[in-house]
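Student: I'd like to ask some things about the structure below.
The values are calculated or read from the model by the stated rules, or taken from the named source; none is laboratory data. Keep in mind it's a predicted model, so treat the numbers as computed, not measured. Note that we place each Cβ from the backbone using ideal geometry, even for glycine, and neighbour counts take in every protein chain shown.
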Ligand code: SF4
């Protein structure tokens with residue numbers, strides 16, 4: 001057996017309800033997690049849009065379940081329902097640990113079941129179980145039902161709510177309670193395959209290569225994580241406090257009014273800020289064994305929606321379900337967040353879709369008054385909450401919005417496309433696009449379509465010093481948000497690092513993102529070696545990450561047709577400026593963006609004309 005791995009990959013043919021197993025060691029070149037998922041997807045996904053033809057790969061990396069701090073993350077790889085290109089998600093909770101401790105490193109799903117089922121993994125065995133009694137259950141109900149059925153404390157699941165069952169394109173998978181594998185419509189894919197959930201029950205230890213040295217390294221990492229300034233901020237306020245509107249002493253931009261603007265002052269954002277929500281916080285929780293516990297548990301004993309208990313409200317919920325709709329009602333924000341988790345909806349997709357509808361109504365493109373007592377007016381929290389419910393149920397205007405911004409704009413027509421905030425057909429709920437250059441570049445070049453959890457670094461948000469910028473990137477301007485020069489290389493470098501972190505199964509919040517000193521490539525290579533006996537230098541491992549990114553880019557081109565002309569942001573970010581605050585007047589400049597793109601492609605060995613990996617690069621990386 002390969003050390004650091006559970007040892008098996010499970011292939012599940014849902015059409016014929018059959019399994020086969022394969023040794024993980026056949027694929028060690030692709031390390032695990034996202035790398036393994038992207039490789040298997042690239043190899044097997046055909047140009048077949050039927051539910052039977054779609055592959056979904058769920059894979060936990062080699063550091064998951066080894067005791068390495070925050071080694072808890074699981075990758076979900078599939079063809080993106082919204083864009084047709086690649087989709088990779090990264091989900092926390094307990095599912096990765098339980099998957100490996102149940103005996104599997106990865107599950108490859110294909111085909112579609114004739115009846116509703118769930119996949120049960122336990123004691124290195126797999127079983128497809130009738131799920132007809134689970135149909136229609138929301139996520140908290142699903143959790144209760146699975147607990148009753150299995151009575152096992154070591155149980156974790158990755159499943160769908162009603163939105164996935166109805167194949168809402170902006171639905172997602174939820175692990176355990178509120179850990180979302182967002183992006184790409186993975187919920188709808190499970191729904192189309194009539195797969196309600198993957199349930200893993202396990203406590204088998206995963207053997208590692210050098211247990212004694214890994215234990216020492218874990219001790220050292222725990223100490224560094226507990227004393228890191230960036231992690232201290234994450235421990236204190238979670239991403240709600242760090243990166244929500246008003247965070248970082250009022251320096252954090254946020255989405256406002258379907259991204260018409262990108263800043264709220266500390267006073268404007270106070271009603272939705274973490275300081276305000278402290279009065280409702282009754283606990284902090286985390287993914288299995290994580291000492292950071294960045295997830296807030298909020299409870300409002302009474303609200304206009306009754307008693308509310310919500311977990312895991314991250315920064316994307318704050319800007320997505322509040323500031324982007326100009327909602328400043330904490331009750332509406334918490335309720336919308338809970339509904340997304342319960343229905344299994346992707347917060348970012350919901351944010352972009354509803355903000356688009358509000359913008360369309362403001363421009364007179366669609367009526368302000370809609371079914372179900374919905375009024376499309378900025379700041380109307382009650383209507384926004386009802387719209388989230390409608391998206392989850394597939395009713396009213398929610399039926400259209402659930403298709404995602406791009407499709408909704410296609411159907412509405414009347415120039416509404418200009419109000420669709422998308423990258424590669426995927427709706428965005430972002431921040432800092434006009435003001436933070438490397439950040440914006442990471443979003444526009446994202447192979448999965450928008451989203452900053454790829455090439456967008458934290459260097460600008462954290463204002464790293466010129467000395468640190470010089471040392472790490474050879475660029476003293478790395479921490480200057482407004483500087484363009486050298487940012488193409490930084491965004492490309494960051495993509496490589498993120499691929500590595502996702503593939504090992506670590507949490508990016510701590511490894512390499514908020515704190516660049518924890519989880520640099522050399523340290524990640526050391527962890528990989530101690531767990532698995534796979535020996536690489538830091539540079540080799542980082543180059544491997546760039547190889548993974550190049551493979552994903554190739555997939556998005558082959559399946560979605562994407563190239564340089566799709567690495568762009570809507571014209572809004574070039575034509576309108578941030579109105580107030582520390583970034584007042586900021587906007588993007590076409591010429592400078594094109595130069596950043598040239599630099600980005602050149603660093604990656606991609607053709608600057610097409611933005612695609614050259615044949616030489618693909619051959620050199622062993623990808624063709
Ligand atoms: S920092 Fe937060 S998201 Fe990351 S592993 Fe810990 S609890 Fe999970």
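Student: Being free of Cβ contacts under 8 Å to residues at least 40 places away in the same chain and within 24 Å of residue 460 (Cα to Cα) narrows it down to one of 496, 519, so name that one.
Tutor: Values: 496 fails: free of Cβ contacts under 8 Å to residues at least 40 places away in the same chain.
That would be 519, the only listed residue that is free of Cβ contacts under 8 Å to residues at least 40 places away in the same chain and within 24 Å of residue 460 (Cα to Cα).
Student: What residue, among those in the stretch 24-49 that are touching a residue at least 40 places away in the same chain (Cβ under 8 Å) and assigned to a loop (DSSP other than H, G, I, E, B), is farthest from the ligand (Cβ to nearest atom)?
Tutor: Filtering first and then ranking leaves 47.
Student: Next question. Checking the structure you have, find out if any residue of the stretch 238-250 is assigned by TED's automatic domain parsing to the domain that holds residue 406, crowded, with 23+ Cβ neighbours inside 10 Å, within 16 Å of the ligand (Cβ to nearest atom) and part of a loop (DSSP other than H, G, I, E, B).
Tutor: Scanning the stretch 238-250, I find at least one residue that is assigned by TED's automatic domain parsing to the domain that holds residue 406, crowded, with 23+ Cβ neighbours inside 10 Å, within 16 Å of the ligand (Cβ to nearest atom) and part of a loop (DSSP other than H, G, I, E, B), so the answer is yes.
Student: Tell me which of these residue 561 doesn't satisfy, since it passes every other one: (1) closer than 30 Å to residue 44 by Cα; (2) in contact with a helix residue (DSSP H, G or I) (Cβ under 9 Å, 6 or more places away or on another chain).
Tutor: (2)
Student: Return yes or no: is residue 225 outside the structural domain of residue 151 (by TED's automatic domain parsing), within 16 Å of the ligand (Cβ to nearest atom) and either farther than 28 Å from residue 273 by Cα or surrounded by fewer than 15 Cβ atoms within 10 Å (Cβ to Cβ) (or both)? Walk me through it before giving the result.
Tutor: Working: outside the structural domain of residue 151 (by TED's automatic domain parsing): yes; within 16 Å of the ligand (Cβ to nearest atom): yes; either farther than 28 Å from residue 273 by Cα or surrounded by fewer than 15 Cβ atoms within 10 Å (Cβ to Cβ) (or both): no.
It is false that residue 225 is outside the structural domain of residue 151 (by TED's automatic domain parsing), within 16 Å of the ligand (Cβ to nearest atom) and either farther than 28 Å from residue 273 by Cα or surrounded by fewer than 15 Cβ atoms within 10 Å (Cβ to Cβ) (or both).
Student: Among residues belonging to the stretch 84-97 that are more than 29 Å from residue 153 (Cβ to Cβ) and within 15 Å of the chain's Cα centre (by Cα), point out the one that is farthest from the ligand (Cβ to nearest atom).
Tutor: Filtering the stretch 84-97 down to residues more than 29 Å from residue 153 (Cβ to Cβ) leaves 84-88.
Right, trim to within 15 Å of the chain's Cα centre (by Cα) and you get 86-88.
On the way: 86: 22, 87: 20, 88: 16 Å.
Once the filter is applied, the top-ranked residue is 86.
Student: Give just the number: which of (1) modelled with pLDDT under 95; (2) in a helix (DSSP H, G or I) does residue 331 not satisfy?
Tutor: (1)
Student: Which of the following residues is away from the ligand (no atom under 16 Å from the Cβ) and crowded, with 19+ Cβ neighbours inside 10 Å: 318, 354, 365? Spell out how you get there, then give the answer.
Tutor: Working: 318 fails: away from the ligand (no atom under 16 Å from the Cβ); 365 fails: crowded, with 19+ Cβ neighbours inside 10 Å.
Going through 318, 354, 365 in turn, the sole match is 354.
Student: Still on this structure: Test residue 259 against the stated conditions and say whether it is part of a loop (DSSP other than H, G, I, E, B) and more than 16 Å from the ligand (Cβ to nearest atom).
Tutor: Numbers: part of a loop (DSSP other than H, G, I, E, B): yes; more than 16 Å from the ligand (Cβ to nearest atom): yes.
So residue 259 passes the test.
Student: Looking at residue 482 and the list (1) more than 16 Å from the ligand (Cβ to nearest atom); (2) crowded, with 24+ Cβ neighbours inside 10 Å; (3) in contact (Cβ under 8 Å) with a residue 60 or more places away in the chain, which single condition is not satisfied?
Tutor: (2)
Student: Would you be able to say whether some residue in the stretch 269-278 is within 16 Å of the ligand (Cβ to nearest atom) and at pLDDT below 95? Write out each step before concluding.
Tutor: First, pick out the residues of the stretch 269-278 that are within 16 Å of the ligand (Cβ to nearest atom): 274.
Now restrict to residues that are at pLDDT below 95: 274.
Yes, the conditions are met somewhere in the stretch 269-278.
Student: Take the residues in the stretch 401-416 that are more than 23 Å from the chain's Cα centre (by Cα) and assigned to a helix (DSSP H, G or I), then tell me which one is surrounded by the most Cβ atoms within 10 Å (Cβ to Cβ). Give the derivation first.
Tutor: Pass one, the stretch 401-416, residues more than 23 Å from the chain's Cα centre (by Cα): 409-416.
The next check asks that each one be assigned to a helix (DSSP H, G or I); those that pass are 409-412, 416.
Details: 409: 24, 410: 14, 411: 9, 412: 18, 416: 20.
Residue satisfying both the conditions and the ranking: 409.
Student: Residues of the stretch 566-576 being surrounded by fewer than 16 Cβ atoms within 10 Å (Cβ to Cβ) and part of a loop (DSSP other than H, G, I, E, B), which ones?
Tutor: 571, 576
Student: To continue, here is another question. Return the pair list, or none, for Cβ contacts closer than 8 Å from residues in the stretch 218-247 that are within 20 Å of residue 67 (Cβ to Cβ) to residues that are more than 12 Å from the ligand (Cβ to nearest atom), at least 6 apart or on different chains.
Tutor: As it stands, the answer is 218/67; 224/517; 228/517, since those pairs meet every condition given.
Student: Let me ask another. Test of understanding: among 512, 538, which residue is within 16 Å of the ligand (Cβ to nearest atom) and without any contact (Cβ under 8 Å) to a residue 40 or more places away in the chain? Please lay out each step first, then the result.
Tutor: Details: 538 fails: within 16 Å of the ligand (Cβ to nearest atom).
Within the list 512, 538, the selection yields 512.
Student: Among the candidates 178, 197, which residue alone is surrounded by 23 or more Cβ atoms within 10 Å (Cβ to Cβ), more than 16 Å from the ligand (Cβ to nearest atom), over 23 Å from residue 38 (Cβ atoms) and touching a residue at least 40 places away in the same chain (Cβ under 8 Å)?
Tutor: Values: 178 fails: more than 16 Å from the ligand (Cβ to nearest atom).
After applying the criteria, what remains is 197.
Student: Could we say that residue 552 is assigned to a helix (DSSP H, G or I) and free of Cβ contacts under 8 Å to residues at least 40 places away in the same chain here?
Tutor: On the way: assigned to a helix (DSSP H, G or I): yes; free of Cβ contacts under 8 Å to residues at least 40 places away in the same chain: no.
Here the answer is no, as residue 552 does not meet what is asked.
Student: Sticking with this structure for a sec: Filter the stretch 517-535 down to residues that are assigned to a loop (DSSP other than H, G, I, E, B) and surrounded by fewer than 22 Cβ atoms within 10 Å (Cβ to Cβ) and give me whichever is nearest to the ligand (Cβ to nearest atom). Working first, answer last.
Tutor: Here is the first cut: in the stretch 517-535, the ones assigned to a loop (DSSP other than H, G, I, E, B) are 517-520, 533-535.
Within this subset, residues satisfying the condition of being surrounded by fewer than 22 Cβ atoms within 10 Å (Cβ to Cβ) are 517-518, 520, 533-535.
Details: 517: 16, 518: 12, 520: 18, 533: 25, 534: 23, 535: 27 Å.
Result: 518.
Student: Say whether the condition of being at positive phi and surrounded by 24 or more Cβ atoms within 10 Å (Cβ to Cβ) is met by at least one residue in the stretch 425-440.
Tutor: Of the stretch 425-440, the ones at positive phi are 425, 432.
If we keep only those that are surrounded by 24 or more Cβ atoms within 10 Å (Cβ to Cβ) as well, we get 432.
There is at least one residue in the stretch 425-440 that is at positive phi and surrounded by 24 or more Cβ atoms within 10 Å (Cβ to Cβ).
Student: Among the residues of the stretch 67-83, what is the count of those that are part of a loop (DSSP other than H, G, I, E, B) and more than 14 Å from the ligand (Cβ to nearest atom)? I'd like the intermediate steps shown before the answer.
Tutor: Just the residues of the stretch 67-83 that are part of a loop (DSSP other than H, G, I, E, B), to begin with: 67-73, 80-83.
Imposing the further condition that a residue be more than 14 Å from the ligand (Cβ to nearest atom) reduces the set to 80-83.
Residues in the stretch 67-83 being part of a loop (DSSP other than H, G, I, E, B) and more than 14 Å from the ligand (Cβ to nearest atom): 4 in total.
Student: Looking only at strands (runs of 3 or more DSSP E) that lie completely in the stretch 98-208, which have at least 1 residues being more than 25 Å from the chain's Cα centre (by Cα) and at pLDDT 95 or above? Steps first, please.
Tutor: Details: elements: 106-110, 117-122, 125-130, 155-159, 173-175, 179-181, 195-201.
Fully inside the stretch 98-208 and qualifying: 117-122, 125-130.
Student: Can you pull out every residue in the stretch 587-621 that is in contact with a helix residue (DSSP H, G or I) (Cβ under 8 Å, 6 or more places away or on another chain) and assigned to a loop (DSSP other than H, G, I, E, B)?
Tutor: 587, 588, 589, 605, 607, 608, 609, 610, 611, 612, 621, listed by residue number.
Student: Considering each of 147, 156, 186 in turn, give the residue that is under 19 Å from residue 287 (Cα atoms) and either within 16 Å of the ligand (Cβ to nearest atom) or buried (at least 21 other Cβ atoms within 10 Å of the Cβ) (or both).
Tutor: Details: 147 fails: either within 16 Å of the ligand (Cβ to nearest atom) or buried (at least 21 other Cβ atoms within 10 Å of the Cβ) (or both); 186 fails: under 19 Å from residue 287 (Cα atoms).
Unique residue meeting the criteria: 156.
Student: Taking the conditions exactly as written (more than 19 Å from the chain's Cα centre (by Cα), at pLDDT 95 or above and surrounded by fewer than 20 Cβ atoms within 10 Å (Cβ to Cβ)), does residue 379 satisfy them or not? Give the derivation first.
Tutor: Values: more than 19 Å from the chain's Cα centre (by Cα): yes; at pLDDT 95 or above: yes; surrounded by fewer than 20 Cβ atoms within 10 Å (Cβ to Cβ): yes.
So residue 379 fits the description; yes.
Student: Hey, another quick one. So is residue 111 within 19 Å of residue 11 (Cβ to Cβ), buried (at least 24 other Cβ atoms within 10 Å of the Cβ) and touching a helix residue (DSSP H, G or I) at 6+ places or on another chain (Cβ under 6 Å) or not?
Tutor: Details: within 19 Å of residue 11 (Cβ to Cβ): yes; buried (at least 24 other Cβ atoms within 10 Å of the Cβ): no; touching a helix residue (DSSP H, G or I) at 6+ places or on another chain (Cβ under 6 Å): yes.
Taking the combined requirement at face value, the residue does not satisfy it.
Student: Still on this structure, I have one more. So which residues in the stretch 288-309 are more than 9 Å from the ligand (Cβ to nearest atom) and touching a residue at least 40 places away in the same chain (Cβ under 8 Å), if there are any at all?
Tutor: Taking the stretch 288-309 and keeping what is more than 9 Å from the ligand (Cβ to nearest atom), we get 296-309.
Within the stretch 288-309, 296, 304, 305 meet the criteria.
Student: Is it true that residue 285 is crowded, with 24+ Cβ neighbours inside 10 Å and within 16 Å of the ligand (Cβ to nearest atom)? Don't jump to the end; show me each part of the working.
Tutor: Details: crowded, with 24+ Cβ neighbours inside 10 Å: no; within 16 Å of the ligand (Cβ to nearest atom): yes.
Criteria not met by residue 285.
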